Amino acid sequence: MTGHGRFEYSAIIDRPVRRLPGNARVGVWITPNVEHFHWGQPAMAMTPMTAGLTPDVLNHGWRDYGARVGIWRVMEILAKHGFKATAALNSEVCDEYPRIVEEGSKLGWEWAAHGPSNSMLFTGMPEEAERPIIASVIERIAAATGVKPRGWLGPALTETAATLDLLEEVGIDYVMDWANDELPYEMRTRGNPILALPYTLEVGDIPVFLNTGQNGAAFYDVVADQFDQLYAEGATRPRFLSIALHPFLIGHPFRARHLDRALAHIAGHDDVWVATGSEITDWFRSS
């Protein structure tokens, strides 16, 4: 038994083969995390040396670079290669950095909800406190973008035992927190099933640059190797490639050039479906 009761074990080789649009071998979706971090609170850090200080100017400035500079370089590179993004958006970004939301919407980005900020984690939150927070996040993003978000990524991929039920209550169609597959699958809730999309914990800038201390060339190798293997396997069973990005990391020039190379490598292949979270969800529900 799984323990959580949300889904049963499913071996990927036993599932029916679902053909992607255009008979693509690989579906590619890219998820920039567009986040706001509160001043004076601990958060993701470049160096632990000052992480315990208040204020931690060093690490705050490192994160703030993403909103001021890095995101614009990421937008330019994705647009250059014709890649649409599904951005995981903290709702506070709508107030703190509205220019990002404005430009992303012009580029046709999809906005998935990512909690209020990345200074609030959901684990251990009582249900009566969590419900209004989720509702306010959805409402703020809908007001700022003109489109109600259909997807959700928890801050730091955190959930409570009730999160999926509460997300289904407000009409969220898909979540990204359960990074355990290369295909979408349904999860049980108190209401209708919610879809888990194939997110990644390894094919992204945090694991490459922060967790393992590698350089931009290694990032390119990770993305290209992942794509090439999935592309080969996709001749018989199509899969999805997820690439997770954070502008305060990948947005630096010495790293961004390798994102450029990686997307050029993918774009140089036929039989690739570049999709948003909603497009993946609609394909799965209709196929």
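No lab work stands behind these numbers, since they all come straight from the coordinates. Only a predicted model underlies this, so the values are computations on that prediction, with no experimental measurement involved. Note that each Cβ is placed from the backbone with ideal geometry, even for glycine, and that neighbours are counted across all protein chains shown.
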**Message:** Every residue in segment 60-77 that is within 24 Å of L157 (Cα to Cα), of a type outside the set (G, A, S) and either touching a residue at least 60 places away in the same chain (Cβ under 8 Å) or buried (at least 24 other Cβ atoms within 10 Å of the Cβ) (or both), please.
**Reply:** W62, R63, D64, Y65, I71, V74
**Those helices (runs of 4 or more DSSP H) lying entirely in segment 246-287 with at least 1 residues over 20 Å from the mean Cα position of the chain (by Cα) and not small (G, A, S)** = 253-267, 277-286
**Item:** Residue in segment 148-192 that is surrounded by the most Cβ atoms within 10 Å (Cβ to Cβ), counting only those that are of a type in the set (F, W, Y) and more than 17 Å from S91 (Cα to Cα)
**Value:** Y174
**Item:** Residue that is nearest to the chain's Cα centre (by Cα), among those in segment 181-213 that are aromatic (F, W, Y) and within 18 Å of Y9 (Cα to Cα)
**Value:** Y199
**Request:** Just name the residue that is surrounded by the fewest Cβ atoms within 10 Å (Cβ to Cβ) out of those in segment 85-112 that are among the β-branched types (V, I, T) and part of a helix (DSSP H, G or I).
**Result:** V101
**Message:** Pairs please, first residue from segment 113-129 and free of Cβ contacts under 8 Å to residues at least 12 places away in the same chain and crowded, with 19+ Cβ neighbours inside 10 Å, second anywhere and assigned to a loop (DSSP other than H, G, I, E, B) and among the hydroxyl-bearing types (S, T, Y), Cβ atoms under 8 Å, 6+ apart in sequence or on different chains.
**Reply:** none
**Prompt:** F37 fails exactly one of the following numbered conditions: (1) assigned to a loop (DSSP other than H, G, I, E, B); (2) out of contact with any His (no Cβ under 8 Å at 6 or more places or on another chain). What is the number of that condition?
**Reply:** (2)
